[in-house]
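Following this message is one structure expressed as structure tokens.
No lab work stands behind these numbers, since they all come straight from the coordinates. Only a predicted model underlies this, so the values are computations on that prediction, with no experimental measurement involved. Heads up, the Cβs are rebuilt from the backbone with ideal geometry, glycines too, and the neighbour counts pull from every protein chain shown.
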Amino acid sequence: MSQQCVDPIVGKILAGWRYDISGLAPEMRGDYESHFASCEHCRSRQRIHRMIDVGLIALASVSAGVFLLAFGVIRHFGPRHAFWLEIAALAGFALSALIWLGVAVATPAPVTVLDAAKEGARRVHDRLPEEIRQRLPEEIRIKLTGT
Ligand SMILES: [Zn+2]
């Protein structure tokens, strides 16, 4: 099931980067891209790490939303000790936002999400009837299909 890395030295470097080569200059990326192309082991690791990144972003978003909701509920019902509960809810929201930002900056999660969105948009575009596709602004068509 889990294969060995075809080139452990390159594999180790990639592991150190959490299999993220999006920050590399394009001319340096080639070797690693070809390694991903030929190495099932590293490819599956890369997928797992990107899923973790996106999962963390999603979790931080949900958490921030819940704290914000809690703040709204406390505001609305105004229970005893409302002030301290509000502070706690805001602190929770701030912490969630900070984690969200940290993950977004330190990992390629935004790129992963953007790529997935683009892929989805391209699929929708390919299914559209020809006459509608022709009516799409040139700009959008180029972005989706690259032609
Ligand atoms: Zn490998």
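For the pair Ala25 and Lys143, what calculated FRET efficiency results from E = 1/(1 + (r/R0)^6), where r is the Cβ-Cβ distance and R0 = 41 Å, to the nearest 0.05?
Efficiency, rounded to the nearest 0.05: 0.95.
What whole number of Å gives the distance from the Cα centroid of segment 91-147 to the Cα centroid of segment 1-67?
Centre-to-centre (Cα) distance: 19 Å.
Quick one, can you get me the convex hull of the C-alpha atoms of the chain expressed as volume per residue in Å³?
So the per-residue hull volume is 201 Å³.
Follow-up. Say each of Leu68 and Leu101 gets a label point 7 Å from the Cα, pointing the same way as Cα to Cβ; how far apart are those two points in nm?
1.5
Highest mean first, what order results for 111-118, 72-79 on Cβ atoms within 10 Å? Walk me through the numbers before you get to the answer.
Numbers: 111-118: 13.4, 72-79: 11.4.
For the peptides 111-118, 72-79, the packing ranking is 111-118, 72-79.
While we're looking at this one, here's another question. Using the crude model of +1 on Lys and Arg Cβ and -1 on Asp and Glu Cβ, and no other charge, please compute the dipole size for segment 108-147 relative to its Cα centre, in debye to 20.
Roughly 60 debye for segment 108-147.
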